[in-house]
Structures are given as C-alpha cells and as structure tokens.
1. On the given criteria, is residue A:111 farther than 20 Å from residue A:48 by Cβ, touching a strand residue (DSSP E or B) at 6+ places or on another chain (Cβ under 7 Å), within 14 Å of chain B (Cβ to nearest Cβ) and assigned to a loop (DSSP other than H, G, I, E, B)?
2. Tell me yes or no: at least one residue of the stretch A:84-107 is within 14 Å of another protein chain (Cβ to nearest Cβ) and either assigned to a strand (DSSP E or B) or within 22 Å of residue A:234 (Cα to Cα) (or both).
3. Is there a residue being in a loop (DSSP other than H, G, I, E, B), farther than 17 Å from residue A:128 by Cβ and out of contact with any helix residue (DSSP H, G or I) (no Cβ under 6 Å at 6 or more places or on another chain) anywhere in the stretch A:29-44?
4. Starting from residues that are surrounded by fewer than 20 Cβ atoms within 10 Å (Cβ to Cβ) and either in contact (Cβ under 8 Å) with a residue 40 or more places away in the chain or assigned to a helix (DSSP H, G or I) (or both), keep the ones in the stretch B:63-80 and report whichever is nearest to the other protein chains (Cβ to nearest Cβ).
5. Between a first residue in the stretch A:97-115 that is exposed (fewer than 14 other Cβ atoms within 10 Å of the Cβ) and a second residue that is not in a helix (DSSP H, G or I), which pairs have beta carbons less than 8 Å apart while being 6 or more apart in sequence or on different chains?
6. Looking only at residues that are part of a loop (DSSP other than H, G, I, E, B) and away from every other protein chain (no Cβ under 14 Å) in the stretch A:185-203, which one is farthest from the chain's Cα centre (by Cα)?
7. In the stretch B:26-49, is there at least one residue being closer than 30 Å to residue A:159 by Cα, out of contact with any strand residue (DSSP E or B) (no Cβ under 7 Å at 6 or more places or on another chain), assigned to a strand (DSSP E or B) and within 10 Å of chain A (Cβ to nearest Cβ)?
8. Do you know which of the residues in the stretch B:149-179 that are in contact with a strand residue (DSSP E or B) (Cβ under 6 Å, 6 or more places away or on another chain) and in a loop (DSSP other than H, G, I, E, B) is farthest from residue B:37 (Cα to Cα)?
C-alpha cells in the first residue's frame, strides 16, 4: 500500500489528525442498501475513501453437497480486493490476507445470523473492495450485515463495525490508511448494539490496559454511529416512500 | 391493532414487557427484538413482524406454484422458489398401482411444466413433499406467471381476501396465488390480463403502503372499463 511519509504529522498540537479529523471523529460514511438486481440482497458502502460492494445470495442449495450441514445452514464469505483497489496492482488471486479477512468477517457475522432456521442450505456473502484506504474489514462487515438484512435473512441484530487505534500516544476513532501504517495500534471492533455484544475484536499493536479499555469504548461508540447509518440505509430503501 | 404497527429492521426493539414472541421476533431479557425488515404487529399479548423481504420457507398445507425441474423414474423435482426443491412422488399422480416400468413420468408432467401443488409434508430434515392430488391442484395449462416477493403474498391476498377479490372483480381474471410468490393469472380478455398483472406488480412494489387496496382500485378503474 502507500509508502510511509516520515515527515507526516499524525496528530498535531491542536488534536487534529493527518486528514483533518478530530480524535473521536469518524470518516464520512455513506451506506446504500440494495443496488444489485441479481443478488438476493446487496449493499454499497463508502467509508472515507473505502468503496465496497457486497452481494448476498441465499439461503440456497449447498454446492459442493458435502459442505452442507443437516443441523443448520452455513455461512460462506468471500472478501476480495479488486486489482485496482490499491495503488499498485493487486494480484486478483486470493491472498493470505484476504482468506484471513474472509474468515474473520464470517465469524463476526455468525453470531448475528440465525442460520439454524435453514438447515442444509448456504448463505453466500461476496464482498468486493473497489477502493481500499485502511479499515476495509470494518467497512466490509458493516456493509455485509446490511446486505444480509436486505436479503431477508433473519438476524438477531445487525453487526456494526468500526476501528479504534492509537497514534502519537492518543486513542483515536476510525483509523485510516496512514494512521494504520505509521500508528501504534489498530483495533477493529464488530458490535451488535441492540444486544450489546462484541462479535469481532482484533488488535494489532501494543496498548496498556487503560488504553485498551479506552480503545474498546471509543470503538464501540464508533460502531453505534455506523449502526445508525445502517438503519437509515435500510429505512430509506424499504420505507422511503411510505406514508406511515 | 392498526395503531400499533411500525416499521422495523433487524435489531430494533419492537416492544418490551410481557408479550408472547411469535414470527420473526426474539426475546432478549424483556425486550422483544425484530429479526427481519418488516412491519411489527401487536395483537393482545403476542408480537410478530410481517417480513418485507426474504425467501419462501415451505409450510405444510401451503398452496404453491411449482415448475418441474427434472424427474427420476419415481418422482419429479419442482422448483418452488425456495431454498429447497419440492419432491413430487409418482404415486401421487399415477395412483397406488404406479409401476416404474410401465408408467412413463413424462406422459403426465414434463420439465418446464407449471403445477399448482400443496405442501404435504415438510420438516427440517427433509425436502418438502408436495402433492397435486386434490381439487384445484395439478398441471396449469394456461395463464401468465407473475413472480412477486413471497413475503408480499399476504398483502396481495389482503385482509380476508379483499385485495385479490378487488383485482379479480375489476378484471374478470382468474388468479391463483402460490404462497411461494408465484402467481398465475388467466383472463379471457387481453386488457384484463394486462391490468391484473399490473395490479399484482403494483402490490409487490408498494406492499408497505397503507390503504393500498384503495390505490389498486383507483388504478384498475382508471383508463377505460374492462
């Protein structure tokens, strides 16, 4: 990804970050539900400069058959970055990192999705990162839960995700690409706000126990901001022209 | 009951208190949370959400419209617009003296044929078993297939069938509604057919709008009599 700029100031003396945000300010977020005709459910998210499209299919027959589970449905997630999503062409073949993120997102969605209602079926989630700028896994997870809701798959709650981190010894909300590269810590959090449950928590970097607690708190606040936008996206699609 | 309806999405708290959770809601502590996008309804002591999206899940005794996908020497497989395929055994059509040697399945139903069928049995361990041996069931010879979202079928039928009656009366069409979202419309006059199809599509698009029956009526009555 982008090269490191040694002269860049991640946090100036006024508490303003390299892209002009305050420490507890997320990037501009836009979520749109629907948009793909052939998918059962879909969503598009712009999370700062991240642009991600998600399509959901299912519940549907499992192929290959041996993957199916007689007790429950299965969730399959593919996170994929387009070759043009980053500065230098990315090989379209799934990389180690993409396979890991697919797994992480799948496991973050599983507690929310009620797959036990559809035994012997599969729900497929396809995530295409069109443009990446740090924090794609959070943006992808947020968009994936909107797409799942759009597909009508029963969910206990929507999963909202946002990252927190540490740069220049300060806890910040929503880490961007520069802060991720040069910062001290990055902590993506997936959270179900209605149930108050965390479904994803990763940490790259070193934090003191106090900073850790602060980071979780800040991150969860970010998730709540994302959650409101997810709800708005679905409301706009389904009840946008309603009278009631 | 009308005043307690509201739009919900997954994770929304429908209500809290001593209510019985019914369709598409879960109980979390004393909060009742919706699991799908839809309209919540509170009846006496029970709470449910009528979904606005989602696939068809077979229920015993549902009337569905199916399309023959393929057959073996003993049964047909029907596409019933669900995540499961409908299983139609040959005995159901040929009677109990069916013989795999003597009877040819394609003589009754061929791939691509449409049938009106009823879900005879379904549980989570097996694919739905369907039957066509009942009156009003069986192969559909004429009519146009309209596909709508299965979650909007109750809206198309309306309260005690008011919506569908409105459409049928205004267009003189015969409409068979499958619970799986497939609808067969047949009508003597081409105008009536077009109008009925348009009305059905209108219900599909505007399912969440209040007093839709009046709007549909208005549309049917506009531009010329049928």
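1. Yes, satisfied.
2. no
3. No, because not a single residue in the stretch A:29-44 is in a loop (DSSP other than H, G, I, E, B), farther than 17 Å from residue A:128 by Cβ and out of contact with any helix residue (DSSP H, G or I) (no Cβ under 6 Å at 6 or more places or on another chain).
4. The qualifying residue nearest to the other protein chains (Cβ to nearest Cβ) is B:69.
5. Once the first residue is exposed (fewer than 14 other Cβ atoms within 10 Å of the Cβ) and sits in the stretch A:97-115, its partners that are not in a helix (DSSP H, G or I) give A:103/A:77.
6. The qualifying residue farthest from the chain's Cα centre (by Cα) is A:203.
7. Taking every residue of the stretch B:26-49 in turn, at least one turns out to be closer than 30 Å to residue A:159 by Cα, out of contact with any strand residue (DSSP E or B) (no Cβ under 7 Å at 6 or more places or on another chain), assigned to a strand (DSSP E or B) and within 10 Å of chain A (Cβ to nearest Cβ).
8. Per the stated criteria, the residue is B:173.
The values are calculated or read from the model by the stated rules, or taken from the named source; none is laboratory data. All values derive from a computational prediction rather than experimental measurement. Quick reminder, even Gly has a Cβ in these numbers, built from the backbone with ideal geometry, and neighbours come from all protein chains shown.
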